[in-house]
Amino acid sequence: MLPKLERLLFPAVSDLGLGYDPPECGNPFFRDPGLGVRLAAKAKEVTEQLLEGIQREVMAPGGPCLQTVVIGETVYACSSKGRFQKSRIIRRTGRDRRTIVEEDIEEMKTISAGP
């Protein structure tokens with residue numbers, strides 16, 4: 001048991017072999033206009049299943065007190081109720097994958113909402 005485990009990091013959901021396998025190029029999106037919406041829904045479903053599994057299996061009574069789970073470029077923070085919620089997005093460069101900026105989800109909502 002790892003009682004001091006505070007953070008778990010995973011690759012993107014498309015790299016986990018959990019049933020979400022988006023196309024690697026943009027051509028399928030041109031042929032199927034609804035594909036983006038269906039893929040976004042599937043990614044959300046798989047992410048939620050992963051987070052529920054972590055809550056059930058890793059954070060069981062007596063388990064570690066995880067503070068954050070990082071899946072791909074999204075950071076999920078554990079709320080006071082023991083549920084994970086999106087908290088930040090990590091923007092990275094394409095070539096060297098270094099972090100450019102870590103944006104707070106609440107700030108992004110405020111910015112996107114406008115004046």
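In percent, what relative contact order does segment 1-84 have, based on Cα pairs under 8 Å that are 6 or more apart in sequence?
Details: 83 pairs, mean separation 37.8, N = 84.
Averaging sequence separation for qualifying contacts and normalising by length gives 45 percent for segment 1-84.
Ordered by packing density, taken as the mean number of other Cβ atoms within 10 Å over each peptide's residues, highest first, how do 77-83, 15-21 rank? Please report the intermediate quantities before stating the final value.
Details: 77-83: 11.1, 15-21: 13.1.
Descending packing order for the listed peptides: 15-21, 77-83.
Viscosity 0.890 mPa s, temperature 25 °C: give me the Stokes-Einstein translational D for segment 3-48 in µm²/s, with Rh taken as the Kirkwood radius over C-alpha pairs. Present the calculation step by step, with values, prior to reporting the outcome.
Values: Rh = 12.3 Å.
Reported coefficient: 200 µm²/s.
Laboratory data are not the source of any read-out in this text; all were calculated from the coordinates shown. Predicted model, so just to flag it, every value in this text is computed and none were measured. Every residue, glycine as well, gets a Cβ built from its backbone with ideal geometry; the counts of neighbours run over all protein chains shown.
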